[in-house]
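The values are calculated or read from the model by the stated rules, or taken from the named source; none is laboratory data. As the structure is a prediction and not an experimental result, all values here were calculated from the model. Ideal geometry is used to build each Cβ from the backbone, glycine not excepted, and the neighbour counts take in all protein chains shown.
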Amino acid sequence: MLKGSYPLERFAQLPTPFYYYDTALLQQTLDTVCAQVADRPTWQVHYAIKANHNPQILRQIAVAGLGADCVSGGEVQAALDAGFVPEGIVFAGVGKADWEMRLGLEAGIGRFNVESTAELQVLSELATSMGKTALVSIRVNPDIGAHTLAGITTGLAENKFGIYHGQVEDVIREALSLPSIRYCGLHFHIGSQILDMADFAALCNRINDLCARLERRRLPVGDLNVGGGLGIEYGHPNHLPLADFKSYFNTFKQLLPPKYPVHFELGRSIVASCGTLISRVLYVKEGLARKFAILDAGMNDLVRPAMYHATHRIENLSSDGPEVPYDVVGPICESSDVFGKGVVLNECHRGDFIAIRSAGAYGESMASNYNCRPFAPSIFSDF
Ligand code: LLP
């Protein structure tokens, strides 16, 4: 969204901070994703709810026909409430509690992505006691290091996630032998904010090796869930508002054999760009060598910079004044409550609207009320 296109007159009526969602951009993103997989009838894209569970966003994504990728009972319930069809819901997570499994079984969700033999056994017992069958994929740890932030890689061997790829055969045999479990496929996920398609190509190669090995041993493969992870251009939200869906899906089209149905679990690439955290400048403080722009939004509203040293583009929507570098900080009593250091902004004054861009993914969904601060509300462009 270009700086001049934010509705500042409307914003002037509202207390800050708040999340502002561009529903037209979300729709354009969804249309692009659907168009990319339209030629593959057995492919299904599930939206990773962890990226943003705002009910209005979920409804728009459900209407577009995507499935939902959930990691908790709360997310399964949010998906059902938003109108996602149960068969399109996949449920992952290393530590599913009994009530969460029961909820999924009761609703008849499309898949449990199982991460350990212990979990498989409990799921079998619960399903048997309920007279249900659990549809299961085995989450395989592909041992591939994606080139991304250290805090958000998941596919390396020493991670807690999934089953090491060398041990998968035993777990598939176990799944095939247990009552009330129907083995349906394999699940992978290598990390998040991945911009190098070579990482996804490496995943495809690993998958192909594994499938060939399973077939040699006469074990079923079923379908493939390749997880999520496609990144966005945080530095260029205006020039590149859409993730490179074409290169992403083409990588899988070129490298995976068409005989396997493929599931995707995209979160960030679907919702990041459509969200902006809007705040006001409370104070401009002259330091010794630097100036601080102190915002009324803090790390409780958007934790990514404090937690992962992630950078988001920051703009002063109210000023076209000379460009000045600021340390842009929040009001929280933590020195890590910094959105960016030395950020060049049009000169800031008290009351200016500051936009923190590309905050639609892992912004609102990771917010807290630390320091007894209320959760920032959300408003939508199509009010
Ligand atoms: N599938 C699985 C199994 C996952 O663990 C994740 C994300 C996704 C799909 C969706 O990945 P995406 O398409 O959004 O990259 N809070 C961090 C990101 C954590 C990602 C966790 N897993 C951040 O703010 O960057």
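From the list VAL90, VAL114, VAL85, VAL76, the one residue that fits, being modelled with pLDDT of 95 or more and farther than 24 Å from VAL33 by Cβ, is VAL114. Filtering the range 235-269 down to residues that are closer than 13 Å to SER358 by Cα and part of a helix (DSSP H, G or I), which residue is nearest to the ligand (Cβ to nearest atom)? So, considering only residues that are closer than 13 Å to SER358 by Cα and part of a helix (DSSP H, G or I), the one nearest to the ligand (Cβ to nearest atom) is ARG268. Residues that are modelled with pLDDT of 95 or more, within 15 Å of the ligand (Cβ to nearest atom) and part of a helix (DSSP H, G or I) do occur in the range 5-28.
Scanning the range 76-83 for any residue that is without any contact (Cβ under 8 Å) to a residue 40 or more places away in the chain and under 22 Å from ILE172 (Cα atoms) turns up nothing. Of the conditions (1) surrounded by fewer than 23 Cβ atoms within 10 Å (Cβ to Cβ); (2) within 26 Å of ARG357 (Cβ to Cβ); (3) among the β-branched types (Val, Ile, Thr), ILE61 clears all except one; give me its number. Result: ILE61 passes all but (1). Considering only the range 59-72, state which residues are away from the ligand (no atom under 14 Å from the Cβ) and outside any helix (DSSP H, G or I). Within the range 59-72, ALA64, GLY65 qualify.
In the range 241-298, which residue that is among the acidic types (Asp, Glu) and touching a Leu at 6+ places or on another chain (Cβ under 8 Å) is farthest from ALA79 (Cα to Cα)? Residue satisfying both the conditions and the ranking: ASP296.
Take TYR47 and tell me if it is touching a strand residue (DSSP E or B) at 6+ places or on another chain (Cβ under 9 Å), within 16 Å of the ligand (Cβ to nearest atom) and either modelled with pLDDT of 95 or more or not in a strand (DSSP E or B) (or both). Criteria met by TYR47. Return yes or no: is GLY231 of a type outside the set (Val, Ile, Thr), over 15 Å from PHE252 (Cα atoms) and in contact with an Asp or Glu (Cβ under 7 Å, 6 or more places away or on another chain)? So GLY231 does not fit the description; no. Consider the range 159-204 and keep the residues that are charged (D, E, K, R) and part of a helix (DSSP H, G or I). The one that is nearest to the ligand (Cβ to nearest atom) is ASP199. Residues that are hydroxyl-bearing (Ser, Thr, Tyr) and under 24 Å from GLU364 (Cα atoms) do occur in the range 262-272.
Would you be able to say whether some residue in the range 319-337 is touching a residue at least 40 places away in the same chain (Cβ under 8 Å), surrounded by fewer than 16 Cβ atoms within 10 Å (Cβ to Cβ) and either on the phi < 0 side of the Ramachandran plot or of a type in the set (Val, Ile, Thr) (or both)? No: zero hits. Among the residues in the range 208-215, are any assigned by TED's automatic domain parsing to the domain that holds SER124, touching a strand residue (DSSP E or B) at 6+ places or on another chain (Cβ under 8 Å), at pLDDT 95 or above and in a strand (DSSP E or B)? Scanning the range 208-215, I find no residue that is assigned by TED's automatic domain parsing to the domain that holds SER124, touching a strand residue (DSSP E or B) at 6+ places or on another chain (Cβ under 8 Å), at pLDDT 95 or above and in a strand (DSSP E or B), so the answer is no.
I'd like to check something: does the range 73-89 contain any residue that is assigned by TED's automatic domain parsing to the domain that holds ALA35, loosely packed, with under 15 Cβ neighbours inside 10 Å and within 16 Å of the ligand (Cβ to nearest atom)? Checked against the condition, which is being assigned by TED's automatic domain parsing to the domain that holds ALA35, loosely packed, with under 15 Cβ neighbours inside 10 Å and within 16 Å of the ligand (Cβ to nearest atom), the range 73-89 yields at least one hit. Sub-6 Å Cβ pairs linking a first residue in the range 209-236 that is closer than 25 Å to ILE194 by Cβ and among the β-branched types (Val, Ile, Thr) to a second residue that is more than 16 Å from the ligand (Cβ to nearest atom) and at pLDDT 95 or above, at least 6 apart or interchain, are VAL221/CYS211; VAL221/LEU214, ordered by first then second residue.
Applying the set (1) among the hydrophobic types (A, V, I, L, M, F, W, C); (2) surrounded by 18 or more Cβ atoms within 10 Å (Cβ to Cβ); (3) within 16 Å of the ligand (Cβ to nearest atom) to ILE294 leaves exactly one unmet item: (3).
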